[in-house]
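Peer 1: Below: one structure in structure tokens.
The values are calculated or read from the model by the stated rules, or taken from the named source; none is laboratory data. Values in this document were obtained by computation on a predicted structure and should not be read as measured data. Virtual Cβ from ideal backbone geometry, glycine too; neighbours counted across all protein chains shown.
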Amino acid sequence: MNVACLLVAGALRAVVPAHEFTVAWTHSVQKTRWEERYRIDGPALRLVEARIQSSGAGMDPPPDATFRDGWWTWHPAVPPLPELRLTLSSYTRGYDLCWGGRCHSLRRLVSSGAADVDGAVVQIQACREPRHE
């Protein structure tokens, strides 16, 4: 089964033990939550849903978005991605990765050496689930 691997400077730092996960963050200007749900699709990541709690400052929902339960939600039509690249910054709250009903700080998931440096880039890629022997 393919899962998501988190790499910093090419080194594996963590594995998300799920074939679906959400990347979530708080917009630095609007101070509102934004979430994108991804599914592992073979060797790629497929964005299957995006949602925001309010619009403004470059984060307007598209015309086909629906508002329910306090969120604007839509299904972006984008091709599968080979990876996501997220930059760690001390100037914002940071990203969360959510799966299995729980959210985890991205910085804590990959923390060690390079991940503690402001501006470190975390690559999220599909990978084969490590076998435990």
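Peer 1: Please name all residue pairs, on different chains or six or more residues apart, with Cβ atoms under 6 Å, provided the first residue is in region 1-28 and is of a type outside the set (A, V, I, L, M) and the second residue is buried (at least 19 other Cβ atoms within 10 Å of the Cβ) and in a loop (DSSP other than H, G, I, E, B).
Peer 2: W25/Y95
Peer 1: Is it true that some residue in region 50-61 is of a type outside the set (A, V, I, L, M) and under 18 Å from D96 (Cα atoms)?
Peer 2: yes
Peer 1: Can I ask one more? Under the condition of being modelled with pLDDT under 85 and in contact with an Asp or Glu (Cβ under 9 Å, 6 or more places away or on another chain), which residue from region 90-112 is nearest to P17 (Cα to Cα)?
Peer 2: Checked region 90-112; the qualifying residue nearest to P17 (Cα to Cα) is S90.
Peer 1: Of everything in region 1-53, what is in contact with a Cys (Cβ under 7 Å, 6 or more places away or on another chain) and among the hydroxyl-bearing types (S, T, Y)? Give them in sequence order.
Peer 2: T22
Peer 1: Out of D69, D96, report the one residue that is out of contact with any His (no Cβ under 6 Å at 6 or more places or on another chain), of a type outside the set (F, W, Y) and exposed (fewer than 11 other Cβ atoms within 10 Å of the Cβ).
Peer 2: One residue alone meets the criteria, D69.
Peer 1: With the structure loaded, tell me whether L81 is within 29 Å of A120 (Cα to Cα), of a type in the set (A, V, I, L, M) and in contact with a helix residue (DSSP H, G or I) (Cβ under 7 Å, 6 or more places away or on another chain) or whether it fails that test. Before the answer, list the steps.
Peer 2: Numbers: within 29 Å of A120 (Cα to Cα): yes; of a type in the set (A, V, I, L, M): yes; in contact with a helix residue (DSSP H, G or I) (Cβ under 7 Å, 6 or more places away or on another chain): no.
For L81, the condition - within 29 Å of A120 (Cα to Cα), of a type in the set (A, V, I, L, M) and in contact with a helix residue (DSSP H, G or I) (Cβ under 7 Å, 6 or more places away or on another chain) - is not met.
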